[in-house]
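Step one of this worksheet: look at the structure below.
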Amino acid sequence: MTPFIIRDYGKRELGRLYFKKTKTEKGALNNLKFWIRGNKELMVALRAIGMPKRAQHYSAEEVTVIVYYLGEP
């Protein structure tokens, strides 16, 4: 298994890493967004570092926070 690397990820790319068995990238992204929105502490942490609502990618800093709360994909 390849170790997970903290770096910038496209939102769909990160969604696919967390939800490998989901049929589409869009479905994987929707699942990831559901997990993120469902975790209030994670949302607070992401807002605290200034995550934009409509960005097409997650910065390495945002990925670090996501992995802290959700674990590695």
So what's the net charge close to Gly15: Lys and Arg +1, Asp and Glu -1, counting the other residues with Cβ under 11 Å from its Cβ?
-> +4
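Above 15 angstrom, tally the Cα pairs of the range 1-46 and express them as a % of all pairs, no decimals.
Working: 512 of 1035 pairs.
Counting pairs separated by more than 15 Å, the tail of P(r) holds 49 percent.
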For the chain, what is the mean residue ellipticity at 222 nm derived from helices alone (per DSSP H run of n ≥ 4: -39500 (n - 2.57); sum divided by total residues; nearest 500 deg cm²/dmol)?
-> -17000 deg cm²/dmol
Count neighbours as other Cβ atoms within 10 Å of each site's Cβ, and list the trypsin sites (Lys or Arg not before Pro) in the chain that are DSSP loop with at most 12 such neighbours.
-> Arg7, Lys20, Lys21, Lys23, Lys53, Arg54
Kindly point out which whole DSSP H helices in the chain project their C-alpha atoms 30 angstrom or further along the helix axis while averaging a Kyte-Doolittle hydropathy of 0.0 or above.
-> none
Separation between the Trp35 and Leu70 pseudo-spin-labels, each 7 Å from Cα along Cα→Cβ, expressed in nm?
-> 0.5 nm
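Read-outs: derived from the displayed coordinates by stated rules, not from any lab. Computed from a predicted model, the values in this text were never measured in an experiment. In this analysis, Cβ positions are derived from the backbone assuming ideal geometry, glycine residues included, and neighbour counts consider all displayed protein chains.
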